[in-house]
């Protein structure tokens with residue numbers, strides 16, 4: 001409704017005053033954008049997090065250090081109401097892992113257990129493999145067909161700019177182990193959901209399958225294809241240990257820049273603070289933490305915004321929980337959330353932005369489109385389809401959301417692997433992200449746009 | 001001397017006959033080249049070696065399997081006089097290895113021990129690091145300056161086409177541990193001699209330093225730079241085990257295509273059969289084995305050559321020994337070695353060829369230059385500077401040699417790391433190598449060129 005009122009007000013102003021307001025908004029947004037392009041905050045934040053904390057899986061001491069780091073960082077950057085929202089969640093913790101071809105051509109394999117994987121019996125598990133070059137070929141097997149075998153699925157992940165292959169192929173990681181177990185398999189190996197050709201496997205969560213399940217480095221998946229093609233039975237030994245904490249302590253870390261006119265209206269943005277264990281969580285998702293923290297700071301720096309800007313560092317994205325807990329804790333606030341957004345696809349340039357339907361008709365958002373156009377951002381006419389896993393529950397509860405699509409071309413080379421390190425972030429690309437978010441936050445926090453009102 | 005005689009003979013022929021001979025050589029060499037470009041032998045050889053044997057460090061059971069593979073492969077391809085030349089050599093065998101920053105920012109580091117490294121005491125070695133961004137900065141330290149410390153050298157390896165950075169920077173791996181120990185260090189970490197940005201360290205031999213010495217993955221070296229720059233003492237724990245076999249059995253595997261006219265004149269080419277342990281030895285040096293084996297076969301296939309083509313699979317290049325042993329075993333044959341060559345810089349395209357001084361004046365070699373020109377090969381006017389470590393002793397004893405320079409642009413992304421796997425070889429580049437070698441072997445084996453005679 002606010003949108004309609006705003007439009008009515010604007011209509012009531014003389015044309016000259018309207019032009020002046022739009023002109024002034026555009027000038028201010030451009031200044032915010034240009035400041036963001038040269039501001040060092042985001043780089044410093046992600047450099048600090050990845051250097052001083054490093055890997056920070058939920059349930060580990062490193063995640064407690066990350067929480068303290070988050071509080072200290074937000075406070076040092078001048079955020080207000082900095083606090084921690086505690087909850088508990090299930091945490092799967094990796095132990096020692098190894099795999100090898102026992103015969104007929106003995107050699108080591110590079111694996112990384114999937115989150116929620118069962119451990120092997122002590123001393124390992126040795127079984128013949130059955131290799132499927134597509135996931136569907138495994139699904140086509142009847143119950144019992146994989147009895148006593150280690151199922152191997154080697155379908156490759158195509159490189160895509162919009163990350164769409166992750167959803168399509170990811171199912172062989174998330175559901176594959178369960179489907180293999182249903183068919184009698186005693187173990188499951190999947191080609192990493194990865195576009196890289198390195199020997200570093202990519203982990204990720206799977207539905208608790210009851211059997212040991214691990215990701216193969218992509219060259220190792222291809223090696224098993226070659227061995228299987230030789231027509232002799234290939235035997236593999238898996239040795240994997242892990243532990244589970246049923247109710248691990250976890251934390252969403254929050255900081256705000258309180259609004260000067262309508263502080264109860266909140267713009268919620270953030271990234272996730274936890275990471276998988278092999279890398280240092282730079283692109284997943286130190287970058288998202290850095291981008292949204294820096295953007296909010298820059299958007300609120302020249303003068304206090306009219307609405308409240310809130311940054312959330314969600315504390316258990318990889319193994320789930322932080323988004324649901326956030327929505328639960330903020331259930332009575334949903335109606336006052338102006339918009340929610342999460343940055344969680346690395347640090348590649350934003351190439352496309354999707355706003356709630358009709359938003360572009362509001363002057364603030366047409367200024368946004370013009371402000372980020374020189375950064376190479378296309379405005380989608382369709383509303384966003386996906387906001388981020390930590391805001392999914394908040395969106396479901398009724399909050400409007402935006403989706404700023406990052407170029408995912410290189411993301412799955414690195415994601416969930418040891419290669420997720422700071423050196424993979426390009427400072428200019430990181431700054432472009434900050435500029436887009438800062439422009440959006442500035443315009444949203446200093447206008448009266450109501451994203452709920454603008455249904456088509 | 002043979003060269004002069006040949007030239008005299010050629011001069012004695014009528015001009016018409018000379019043209020015919022050169023024309024016929026050129027036609028035959030072009031046919032050999034073109035056959036090589038589409039011949040599947042090299043790919044099959046390297047696919048088989050890397051799949052069925054995999055990593056094959058000297059002193060391990062895998063190297064014995066590699067020996068058997070070599071004999072079987074040469075026999076299956078129709079080589080004659082296939083045999084094994086045994087010797088013993090010192091072998092360093094990797095055990096378990098790990099490293100971590102203990103404080104103030106605890107995190108794991110990706111390392112790989114250097115060949116000949118001492119093990120740490122059981123339970124590991126914990127010490128403060130002293131980090132040098134250049135190797136020279138460490139050399140500038142006086143004796144005792146590093147007492148009780150772990151020295152860290154993080155100088156980066158620039159990417160070069162001609163592999164020249166390896167020689168310039170490699171010294172921080174080969175000599176660095178010894179120099180650090182001289183200055184009192186109890187451990188040594190060096191940025192991998194690598195152009196990659198992955199978390200996979202690159203191993204390689206070092207002069208037995210008496211202290212534990214390991215390579216850091218390049219992102220980990222940069223991480224230590226960031227931590228050291230924070231100004232607080234950084235403590236690292238190294239835990240490394242290894243063992244040494246003083247006289248490990250080793251083998252050079254040999255096969256020939258015997259010459260039909262002058263079988264005692266031998267052209268010696270090959271690659272090395274052993275590899276480092278983390279990868280499957282595809283570019284280092286399965287490719288060299290495959291290229292030279294396939295080239296000799298193709299060069300000798302249409303009809304038996306006039307001189308003997310010999311392929312040697314040297315059996316202990318990485319830790320040294322096979323070249324010296326070969327020269328020793330063949331000391332009385334040196335004068336009959338027409339030319340020696342080794343392929344040991346991966347599978348990148350050959351972009352430059354160097355022949356013994358004056359060779360290009362011989363008709364066979366001017367045909368060679370013309371034959372490989374369409375493959376993008378430039379002929380150097382200078383004689384070769386380096387032939388390969390397995391032929392160094394043979395060269396020193398007096399054998400002429402050639403150097404066909406492969407494009408090393410990507411070689412040090414992979415070399416001595418887990419990423420040295422088959423998928424990194426591009427079949428068209430491999431075939432280009434075979435075509436160059438096959439053309440050279442054909443022309444040399446079917447002419448009377450004397451590379452010794454052609455001193456400028």
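Label-to-label distances for residue A:423 across copies, nearest first, come out at 2.0 nm, using points 7 Å from Cα in the beta-carbon direction. With helices as the sole contributors, chain B gives -10000 deg cm²/dmol at 222 nm; each DSSP H run of n ≥ 4 counts as -39500 (n - 2.57), and the sum is divided by every residue. Nearest 5 percent is fine: what portion of the DSSP beta bridges confined to the protein assembly as shown is antiparallel? Bridges in the protein assembly as shown are about 55 percent antiparallel.
Taking square-rooted eigenvalues a ≥ b ≥ c of the alpha carbon gyration tensor, is chain A rounded, prolate or oblate, where a/c under 1.5 means rounded and, failing that, a/b exceeding b/c means prolate? Here chain A falls in the prolate category.
Antiparallel as a % of all DSSP beta bridges within region A:105-233, to the nearest 5? It would help to have the intermediate numbers written out before the result.
On the way: 3 of 16 bridges.
Of those bridges, close to 20 percent are antiparallel.
Each copy carries a label point for residue A:244 at 7 Å from Cα along the beta-carbon vector; from one copy to the others these points are 4.9 nm apart, nearest first. Axis angle, to the nearest 10 degrees, between helix A:15-38 and the longest C-alpha principal axis of chain A: 40 degrees. Across the identical copies, the label point of residue B:302 (7 Å from Cα in the Cβ direction) is separated from its matches by 7.7 nm, in order from shortest. So the label point goes 7 Å from the Cα of residue B:361 along Cα→C-beta, right? Which residues of region B:412-456 then have their backbone N under 14 Å from it? It comes to B:450-456, nothing else.
Quick check on the exposure proxy: order A:277, A:34, B:274, A:332 from fewest to most C-beta atoms within 10 angstrom. Working shown, then result.
Values: A:277 21, A:34 15, B:274 30, A:332 7.
Lowest to highest Cβ neighbour count: A:332, A:34, A:277, B:274.
Can you tell me the length gained on complete extension of the stretch residue B:168 to residue B:244, counting 0.36 nm per residue apart and subtracting the Cα distance?
The span from residue B:168 to residue B:244 would gain 24.5 nm if fully extended.
Kirkwood analysis of the Cα pair distances in region A:140-190 returns a hydrodynamic radius of 11.6 Å. Full extension of the chain between residue B:23 and residue B:396 yields a length gain of 130.7 nm, computed as 0.36 nm times the residue separation minus the alpha carbon distance. Sorted into 5 angstrom bins from 0, the C-alpha pair distances of region A:105-233 split as 2, 12, 22, 26, 22, 11, 4, 1, 0 percent. In terms of surrounding Cβ atoms within a 10 Å radius of their Cβ, A:289, A:245, A:211 rank from fewest to most as A:245, A:211, A:289. Residue of chain B with the smallest Cβ distance to the axis mapping B onto A, distance rounded to whole Å: B:198, 3.
Would you kindly calculate the translational diffusion coefficient of region B:395-437, applying Stokes-Einstein with the Kirkwood radius from alpha carbon pairs, for 10 °C and a viscosity of 1.306 mPa s, and quote it in µm² s⁻¹ without decimals? Write down the numbers at each step before the final one.
Working: Rh = 12.7 Å.
Translational D for this selection: 125 µm²/s.
Beta-bridge orientation, chain B: approximately 55 percent antiparallel, per DSSP, counting only bridges with both partners inside. Each label point was placed 7 Å from the Cα along the Cα-to-Cβ direction; for residue A:373 and residue B:30 their separation is 5.9 nm. Exposure proxy ranking for B:224, B:273, based on other Cβ atoms within 10 angstrom of each Cβ and starting from the fewest, stands as B:224, B:273.
The distance linking region A:215-293 with region B:106-147 is 32 Å (Cα centroid to Cα centroid, whole angstrom).
Tell me whether the protein assembly as shown comes out rounded, prolate or oblate; compute the Cα gyration tensor, take square roots of the eigenvalues as a ≥ b ≥ c, and use a/c under 1.5 as the rounded threshold.
prolate
Computed over chain A, relative contact order equals 23 percent, with contacts defined as Cα pairs under 8 Å that lie 6+ residues apart.
Got a sec? Which residues in region A:267-284 would a label at residue B:226 touch, if it sits 7 Å along Cα→Cβ and we count backbone N under 13 Å? Residues A:279-284 fall inside that zone.
Is the shape of region B:241-350 best called rounded, prolate or oblate, per the rule: a/c under 1.5 gives rounded, else a/b larger than b/c gives prolate, else oblate, with a ≥ b ≥ c the square roots of the Cα gyration tensor eigenvalues? Note, shape of region B:241-350 comes out oblate.
Only the coordinates and a few stated rules stand behind these numbers; no lab work does. Since this is a predicted model, take the numbers as computed values, not measurements. For neighbour counting, all protein chains shown are included, and Cβ atoms are generated from backbone atoms with ideal geometry for every residue, glycine included.
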